[in-house]
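Visitor: Can you read through this structure? Questions will come right after.
Derivation of every value follows stated rules applied to the coordinates shown; laboratory data play no part. Being a predicted model, the structure only gives us computed values, none of them experimental. Cβ: placed from backbone, ideal geometry, glycine included. Neighbour counts: every protein chain shown.
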2 protein chains.
Amino acid sequence: MKTVRTVRDLRAALSTQRSAGASVALVPTMGALHDGHLELARRARAENDVVVMSVFVNPAQFDDPADLAAYPREEAADAELAVGVGVDLLFAPPAEEVYPPGFSAWVQLDGPIVLSLEGAQRGVGHFRGVTTVVTKLLGMAAPHRAYFGAKDAQQARVVRALVADLNIDTEIVTVPTVREPDGLAMSSRNRRLDPAERARAVGLFAALRRAQQMTSGGERRAEVILVEAGRILAEHRIAPEYLALVDADTFLPAGTVGARSALLLVAAQIGDTRLIDNVRLEAPPSVR
Amino acid sequence: MKTVRTVRDLRAALSTQRSAGASVALVPTMGALHDGHLELARRARAENDVVVMSVFVNPAQFDDPADLAAYPREEAADAELAVGVGVDLLFAPPAEEVYPPGFSAWVQLDGPIVLSLEGAQRGVGHFRGVTTVVTKLLGMAAPHRAYFGAKDAQQARVVRALVADLNIDTEIVTVPTVREPDGLAMSSRNRRLDPAERARAVGLFAALRRAQQMTSGGERRAEVILVEAGRILAEHRIAPEYLALVDADTFLPAGTVGARSALLLVAAQIGDTRLIDNVRLEAPPSVR
């Protein structure tokens, strides 16, 4: 595996294989790799000729400087993990390569998919930072496919809207969330949890799983589902920033779980660590 | 020459040659072709294997609905002219192909290059409309090179900043302004001038040419140049929206004409028609 730090070197490293018709995959990450990231890379490896993983902690998408400063950075360990899953090229640019002096471009979407939930909690700059850096990374690597985790469901939806709206010729692949044995969604932030916080954090998926069980059992009313999921969060002493059932396409609140796919999303501070998770809810065919 | 109206057909029409390593040029236009556009296409033809011309009157960059409505549209004549200069593919999408229902993305730059002159006169939406549609067109056609006219000097500068900031892998080529025998810059809007307006319009380039003569003769002071150029505009009964000498890179006001390239730009309403023009001013080596 080769590591490159400039756009010029990235493009040069890809040019021969690209000219020969090789398919290129991009796995964008902020480093601090866990098995969720590795699953993206494994999927990319299986579906493409060349796998590029970017490791870049994007300052533009952090509303909170403390969160940015505390975000784990461990490139040597990341590189070893990337080799292990068959990444061909690690792209780890310094911040000034991505945002050079005089940089002044922003890519911004509008509407509920960027304004609700994470957009409301993290501020309008968050998704603007995401859409800008993703546009840039897709421009840099020009991949045929790019891989995003379903744990960041709203981000995945935003990125799909971005490539559609800006006619970026990259297929966006969303890969199911990878979980710890007790259900906690893999996240680079999990390592910041102390043992007591780690025990409470399991409440996030417990609440979501309970909702899945309810819909499997025929419950379709959002209000009933949200009350019960909220009760399970409270049992784990979790006060959510949001717990919301939305249409998976529009991110508008869903009153019922129906034939259209709905997402149940939760965000909460566990101690000093902010975690998010979500599941897809679908009414069983019999009650649609 | 083939005409296509959807992004899918455009990409399909290009895919075989692109896979075979052909270089692709894009000449973005709003139609109503004149010799300035044709010069872009001739240059693209000389430098590339495949030449795509887009014809799309971009509603997003018009601040004034009346200006948008009055903008000339004549696709049959445009197609004939495009054939004549060797365009391979005419891409003429309907508005809903470019801005489908639910479209919500904007690409926006910041700083003097978008806020000054045309940005100030036409409103913040103008260059946002330009940068958004250019990002989209470059995404649709993925050209190796795209051709823009020097008559729209600020637009060309903005597009260069756009591709740099968003890492779009397209070379931006700026082609010198094509002029009528009396010096009037070619523009789709010229045909709206009545004979008396057409006679006055020559004052735009007369003023710019006088400035060029002054700097060739050693004059470096912006104030002296602007006063004299303004006098020539007044002789032609032209009250400019702006007449400005700026650094060609930063678009900040230039106090003198020096070794760094400066642009003298003018915009004016001639009757109901808004025209712009510019020249590059450089001090002769002896007085640098």
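Visitor: Taking only C-alpha pairs under 8 Å that are 6+ residues apart, what is the relative contact order of segment B:188-279 in percent? If you can, show how the numbers build up before the last one.
Guide: On the way: 144 pairs, mean separation 29.2, N = 92.
Over segment B:188-279, the number comes to 32 percent.
Visitor: Also, I was wondering about something else. Once you have a ≥ b ≥ c as the square roots of the Cα gyration tensor eigenvalues for segment B:120-190, tell me rounded if a/c is under 1.5, and otherwise prolate or oblate according to whether a/b is larger than b/c. The partial results should precede the final answer.
Guide: Details: a/c = 2.32, a/b = 1.47, b/c = 1.58.
Taking the square roots of the gyration eigenvalues as a ≥ b ≥ c, segment B:120-190 is oblate.
Visitor: Okay, moving on. For B:Gln213 and B:Gln269, calculate 0.36 nm times their separation in residues minus their Cα-Cα distance, and state this gained length in nm to one decimal. Provide the component values of the computation, followed by the final result.
Guide: Working: separation 56, 0.36 × 56 = 20.16 nm, distance 2.49 nm.
Computed gain between B:Gln213 and B:Gln269 is 17.7 nm.
Visitor: Looking at the protein assembly as shown, what % of its DSSP beta bridges pair antiparallel, to the nearest 5?
Guide: Numbers: 43 of 81 bridges.
If I count the DSSP bridges inside the protein assembly as shown, around 55 percent turn out antiparallel.
Visitor: Within 10 Å of each Cβ in B:151-163, how many Cβ atoms from other chains are there, averaged over the peptide?
Guide: 1
Visitor: Follow-up. Over all residues in A:99-105, what is the mean tally of Cβ atoms on other chains that come within 10 Å of each residue's Cβ?
Guide: Numbers: counts 1, 2, 0, 7, 7, 11, 15.
Going residue by residue through A:99-105 and averaging, the value is 6.
Visitor: Which peptide among A:9-19, A:84-94 comes first, and what is the full order, when sorted by highest mean count of other Cβ atoms within 10 Å? Don't jump to the answer; show the numbers that get you there.
Guide: Details: A:9-19: 15.5, A:84-94: 19.7.
The densest-packed peptide leads the list: A:84-94, A:9-19.
Visitor: When A:Val224, A:Val4 are ordered from fewest to most other Cβ atoms inside 10 Å of their Cβ, what list results?
Guide: Numbers: A:Val224 13, A:Val4 18.
So the ranking, lowest neighbour count to highest, is A:Val224, A:Val4.
Visitor: What whole number of Å gives the distance from the Cα centroid of segment B:174-247 to the Cα centroid of segment A:135-177?
Guide: That distance is 47 Å.
Visitor: Could I ask something else about it? Could you tell me the convex hull volume per residue, in Å³, taken over the Cα atoms of segment B:91-217?
Guide: With only Cα atoms used, segment B:91-217 gives 160 Å³ per residue.
Visitor: Taking each residue in A:133-140, count the Cβ atoms of any other chain within 10 Å of its Cβ, then average. What number comes out?
Guide: Working: counts 0, 0, 8, 4, 1, 4, 10, 4.
For this peptide, the per-residue mean of nearby foreign Cβ atoms is 4.
Visitor: By counting other Cβ atoms within 10 Å of each Cβ, how are B:Glu171, A:Glu39 ranked from fewest to most?
Guide: On the way: B:Glu171 15, A:Glu39 19.
Going from sparsest to densest Cβ surroundings: B:Glu171, A:Glu39.
Visitor: Give the dimensionless ratio obtained when the Cα radius of gyration of chain A is divided by 2.2 N^0.38 Å.
Guide: Details: Rg = 19.3 Å, N = 288, 2.2 N^0.38 = 18.9 Å.
The reported ratio for this selection is 1.02.
Visitor: Also, I was wondering about something else. Based on the mean of other beta carbon atoms within 10 Å per residue, what is the order of A:65-76, A:199-210, most packed first? Mind dumping the intermediate values first?
Guide: Values: A:65-76: 12.3, A:199-210: 20.6.
Peptide ranking by packing, descending: A:199-210, A:65-76.
Visitor: Distances over 23 Å make up what percent of all Cα-Cα pairs in segment A:27-150? List each step's numbers first, then the result.
Guide: Details: 2600 of 7626 pairs.
Of all Cα-Cα distances in segment A:27-150, 34 percent exceed 23 Å.
Visitor: Let me ask something else about it. In deg cm²/dmol and to the nearest 500, what is the mean residue ellipticity at 222 nm of the protein assembly as shown if only DSSP H runs of at least 4 residues count, each as -39500 (n - 2.57), divided by the residue total? Spell out each step's value before the answer.
Guide: Details: 22 runs with 244 residues, N = 576.
That comes out to -13000 deg cm²/dmol.
Visitor: Checking a compactness column here: for the protein assembly as shown, what do you get for Rg(Cα) / (2.2 N^0.38 Å), N being the number of residues? The partial results should precede the final answer.
Guide: Working: Rg = 27.5 Å, N = 576, 2.2 N^0.38 = 24.6 Å.
Here the Cα radius of gyration is 1.12 times the empirical estimate.
Visitor: Here's something else I'd like to know. Sort B:Asp35, B:Asp277 by Cβ crowding within 10 Å, fewest neighbours at the top. Kindly include the intermediate steps, with their values, before the conclusion.
Guide: Values: B:Asp35 14, B:Asp277 23.
With the sparsest Cβ surroundings first, the list reads B:Asp35, B:Asp277.
Visitor: If you line up the long axis of helix A:124-141 against the longest principal axis of chain A, both from Cα atoms, how many degrees apart are they, to the nearest 10?
Guide: With both axes taken from Cα atoms, the answer is about 40 degrees.
Visitor: Next up: Grab the alpha carbons of segment A:63-136, take their convex hull, and tell me the volume per residue in Å³.
Guide: Working: hull volume 10.0 nm³, N = 74.
So the per-residue Cα hull volume is 135 Å³.
Visitor: Output needed for segment B:188-279: three equivalent-ellipsoid semi-axes, defined as square roots of 5 times the C-alpha gyration tensor eigenvalues, in descending order, whole Å.
Guide: Details: eigenvalues 121, 37, 20 Å².
In descending order the semi-axes read 25, 14, 10 Å.
Visitor: If packing is taken as the mean number of other Cβ atoms within 10 Å per residue, what is the order of A:252-262, A:95-105, highest first?
Guide: Final packing ranking: A:252-262, A:95-105.
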